[in-house]
Amino acid sequence: MKTQLVVIGGGPGGYAAAFYAADLGMEVTLVEMEKNPGGVCLYRGCIPSKALLHVAKLLHETKHSVEWGIEYAEPKINLDKLRDWKQSVVNKLTGGLGVLTKQRKINYIQGRATFVDANTLSIESNDGETTKLTFDNAIVATGSRPARVGTLWIDSPRMMDSTAALDLPDIPKSLLVIGGGYIGLELGTVYSALGTKVSVVEMTDGLLPGADRDLVAILQKRLEKQLHAIHLKTKVLGLKEEKKGIRAILEDADGTKREELFDCVLMSVGRAPNSQNLGLETTQVEINKRGFLEVDAQRRTREPNIYAIGDVAGDPMLAHKASHEGRVAVEAIAGHAAAWEPNAIPAVVFTDPEIAWAGLTETEAAKQGRAVEVARFPWAASGRALTLDRTDGVTKLLIEPGTQRLLGVGIAGPGAGEMIAEGVLALEMGATAEDLKATIHAHPTLSETVMEASEVFFGQATHIYKTRSGR
Ligand SMILES: Cc1cc2nc3c(=O)[nH]c(=O)nc-3n(C[C@H](O)[C@H](O)[C@H](O)COP(=O)(O)OP(=O)(O)OC[C@H]3O[C@@H](n4cnc5c(N)ncnc54)[C@H](O)[C@@H]3O)c2cc1C
């Protein structure tokens, strides 16, 4: 078999690239191990986790509604039905992608691809049959898998990675989450809402390393109420399976050791790129120390006709980053002038409250020694936030002194993940604080906090008396 373009991996990077290439008139083959495209994002990542987080939010709100004069009986959780619903969402989306693949006349091969040389792939189907495929260009979009601390991992149903946790095998009485990153916190939130006593252990001195501390503080305050415990600066020294659970040996910052028994343990310590066992050694493709494929601005590897996108091509490991890289690679293959140079890649943590940021963060500005002015609008002054009984949020803008150009946006609060889109557009359009101030926002909405934060910058916020932040 021969193809003009082969895409290896049908995740949000791979399928977006394959679809776009077909739309541009290329003859495309997509190789993926699953029956339909979707990747980690649709099968065991973004989508199932968000379906479960929606349920978690509902459970929290019905508890909280007592304060608004509405009382519900204790919820009864039918785990089979919940699992089925989550799976139906996954099936609808992946099935839909299967249809779109056919409609675009993409040659879809279910199987595992390995390079034989820089123009040939060997594809092994599930039943062990092997096919050779020659190609003009290839895009590697093989994604990533959960990372494991090998010395701690136990092969046991009580020990879960994110994939196993999303399967919802049952509702454990207690769960130790190792790692205070976004996946651990999102899944911890789900299990806690379902009734599990969740303890989070994080080695560094804060949750969500890399995110701005003022945003994280708002989330942490709420999580401290929702979760059983959050242990920062704490190391897991060892895990031992016993009859009644997994015993964890924990070491606090001051060196104190203690033991605790948990029903289950979720290891969420990051993700590792799928760059091994692909036969890349038969090509000139280079893999860096962290396991990512080295790529240039067009996402081309050191082998001129092989490109790489998504989780396998570097941080941030996010679905929308993968899809956009896919479009850049396809345009480069099509001979268009294309480069990967976004002003902002949004990051969203879908906890309650959500945290979202885009562009420069205060943490990064401090690291770079870059002067920025920060304008904060507290949600306590937002009418919409009050109607939702969620006044703990904040919207902040990072603005370049002198030019007043927007450099970054950070939001903590319900809906932050939707609201950040305005910040991303503003950053991509090179907007200034004045532009945001002059843009009419619908009332009463949380999006008004973006406009009011820009008013704060000028010391003219309607709903705050004379704050002139950062000056
Ligand atoms: C629990 C969880 C929640 C997440 N939530 C979010 C979120 O809210 N937002 C967000 O942006 N990101 C989220 N992510 C991250 C997101 O899923 C990834 O960034 C994204 O899926 C990466 O896309 P990709 O196309 O690079 O690869 P993947 O989605 O990893 O897909 C790679 C595909 O390649 C296939 N493959 C691998 N090797 C081969 C081979 N040799 N031959 C053929 N096929 C192969 C695999 O079967 C897989 O389907 C989450 C991840 C997890 C685990």
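The values are calculated or read from the model by the stated rules, or taken from the named source; none is laboratory data. All figures in this text were calculated on a predicted structure; none of them were measured in a lab. Cβ placement follows ideal geometry from the backbone for every residue including glycine, while neighbour counts extend to all protein chains displayed. Accessible surface areas use protein heavy atoms only, side chains included; no ligands, DNA or RNA. Shrake-Rupley method; radii C 1.70, N 1.55, O 1.52, S 1.80 Å.
What do you reckon, is Gly10 of a type outside the set (Phe, Trp, Tyr), within 16 Å of the ligand (Cβ to nearest atom), in contact with a Pro (Cβ under 7 Å, 6 or more places away or on another chain) and touching a residue at least 60 places away in the same chain (Cβ under 8 Å)?
On the way: of a type outside the set (Phe, Trp, Tyr): yes; within 16 Å of the ligand (Cβ to nearest atom): yes; in contact with a Pro (Cβ under 7 Å, 6 or more places away or on another chain): yes; touching a residue at least 60 places away in the same chain (Cβ under 8 Å): yes.
Considered against the rule, which asks whether it is of a type outside the set (Phe, Trp, Tyr), within 16 Å of the ligand (Cβ to nearest atom), in contact with a Pro (Cβ under 7 Å, 6 or more places away or on another chain) and touching a residue at least 60 places away in the same chain (Cβ under 8 Å), Gly10 comes out as yes.
Restricting to region 402-421, give me the number of residues that are free of Cβ contacts under 8 Å to residues at least 40 places away in the same chain and either more than 17 Å from the chain's Cα centre (by Cα) or surrounded by 19 or more Cβ atoms within 10 Å (Cβ to Cβ) (or both). It would help to see each step written out before you state the result.
So the first thing to find is which residues in region 402-421 are free of Cβ contacts under 8 Å to residues at least 40 places away in the same chain, and the list is 402-403, 405, 418.
Next cut, either more than 17 Å from the chain's Cα centre (by Cα) or surrounded by 19 or more Cβ atoms within 10 Å (Cβ to Cβ) (or both) only: 402-403, 405.
Number satisfying all stated conditions: 3.
I'm trying to understand the selection: among the residues of region 206-239, which are without any contact (Cβ under 8 Å) to a residue 40 or more places away in the chain and in contact with a Lys or Arg (Cβ under 9 Å, 6 or more places away or on another chain)?
Residues of region 206-239 that are without any contact (Cβ under 8 Å) to a residue 40 or more places away in the chain, as a first pass: 206-207, 209, 217, 220, 224-225, 227, 229, 231, 233-235, 237.
Hits for region 206-239 are Gly206, Leu227, Ala229, Leu237.
Among the candidates Leu152, Leu175, Leu185, which residue alone is crowded, with 16+ Cβ neighbours inside 10 Å, modelled with pLDDT of 95 or more and part of a helix (DSSP H, G or I)?
Values: Leu152 fails: part of a helix (DSSP H, G or I); Leu175 fails: part of a helix (DSSP H, G or I).
Only one candidate passes the filter, namely Leu185.
Quick check on region 30-43: of everything there that is in a helix (DSSP H, G or I) and more than 6 Å from the ligand (Cβ to nearest atom), which residue is surrounded by the fewest Cβ atoms within 10 Å (Cβ to Cβ)? Explain how you work it out, then say what you get.
Going through region 30-43, the residues in a helix (DSSP H, G or I) turn out to be 39-43.
Cutting the leftovers down to more than 6 Å from the ligand (Cβ to nearest atom) gives us 42-43.
Details: Leu42: 26, Tyr43: 22.
The extreme case among them is Tyr43.
Considering only region 71-80, I want to know if a residue exists there that is more than 26 Å from Pro353 (Cα to Cα) and out of contact with any Asp or Glu (no Cβ under 8 Å at 6 or more places or on another chain). Even if it seems obvious, please write down each step before you answer.
Filtering region 71-80 down to residues more than 26 Å from Pro353 (Cα to Cα) leaves 80.
Restricting the remaining residues to those that are out of contact with any Asp or Glu (no Cβ under 8 Å at 6 or more places or on another chain) gives 80.
Among the residues of region 71-80, at least one is more than 26 Å from Pro353 (Cα to Cα) and out of contact with any Asp or Glu (no Cβ under 8 Å at 6 or more places or on another chain), which makes the answer yes.
When region 113-149 is examined, which residues are found to be crowded, with 21+ Cβ neighbours inside 10 Å and assigned to a loop (DSSP other than H, G, I, E, B)?
Across region 113-149, the qualifying residues are Ala141, Thr142, Gly143.
Check Gly150, Gly143 and return the single one that is of a type in the set (Gly, Ala, Ser) and within 14 Å of the ligand (Cβ to nearest atom).
Numbers: Gly150 fails: within 14 Å of the ligand (Cβ to nearest atom).
Every option except Gly143 fails the conditions.
Can you tell me how many residues in region 155-172 are free of Cβ contacts under 8 Å to residues at least 60 places away in the same chain and open to solvent by less than 10 Å² (accessible area, probe 1.4 Å)?
Adding up the residues that qualify gives 0.
Pairs only if they're at least six apart or on different chains, beta carbon under 8 angstrom, first in region 355-383 and crowded, with 18+ Cβ neighbours inside 10 Å and part of a helix (DSSP H, G or I), second among the hydroxyl-bearing types (Ser, Thr, Tyr) and at pLDDT 95 or above; list them, first residue then second.
Trp379/Thr391; Trp379/Thr395; Trp379/Thr449
Return the pair list, or none, for Cβ contacts closer than 8 Å from residues in region 44-55 that are open to solvent by 20 Å² or more (accessible area, probe 1.4 Å) to residues that are part of a helix (DSSP H, G or I) and more than 8 Å from the ligand (Cβ to nearest atom), at least 6 apart or on different chains.
Every condition considered, the pairs that remain are Ile47/Val89; Ile47/Val90; Ile47/Leu93; Val55/Leu82; Val55/Val190; Val55/Ala193.
Can Thr301 be described as within 16 Å of the ligand (Cβ to nearest atom), closer than 30 Å to Leu436 by Cα and touching a Leu at 6+ places or on another chain (Cβ under 6 Å)? Reasoning before the result, please.
Values: within 16 Å of the ligand (Cβ to nearest atom): yes; closer than 30 Å to Leu436 by Cα: no; touching a Leu at 6+ places or on another chain (Cβ under 6 Å): yes.
Spelling it out, it is not the case that Thr301 is within 16 Å of the ligand (Cβ to nearest atom), closer than 30 Å to Leu436 by Cα and touching a Leu at 6+ places or on another chain (Cβ under 6 Å).
Every residue in region 308-331 that is crowded, with 24+ Cβ neighbours inside 10 Å and on the phi > 0 side of the Ramachandran plot, please.
Of everything in region 308-331, just one residue is crowded, with 24+ Cβ neighbours inside 10 Å and on the phi > 0 side of the Ramachandran plot, namely Gly310.
Tell me which residues, restricted to region 315-329, are of a type in the set (Gly, Ala, Ser) and either more than 10 Å from the ligand (Cβ to nearest atom) or touching a strand residue (DSSP E or B) at 6+ places or on another chain (Cβ under 6 Å) (or both).
Step one: of region 315-329, the residues of a type in the set (Gly, Ala, Ser) are 319, 322-323, 326, 329.
Answer for region 315-329, where residues must be of a type in the set (Gly, Ala, Ser) and either more than 10 Å from the ligand (Cβ to nearest atom) or touching a strand residue (DSSP E or B) at 6+ places or on another chain (Cβ under 6 Å) (or both): just Ala329.
If I ask for residues that are at positive phi and out of contact with any strand residue (DSSP E or B) (no Cβ under 7 Å at 6 or more places or on another chain), which ones from region 373-412 would you list? Before the answer, list the steps.
Here is the first cut: in region 373-412, the ones at positive phi are 389, 402, 404.
Passing the criteria: Asp389, Gly402.
Could you figure out which of (1) within 12 Å of the ligand (Cβ to nearest atom); (2) more than 20 Å from Val330 (Cβ to Cβ); (3) of a type in the set (A, V, I, L, M, F, W, C) isn't true of Met159?
(1)
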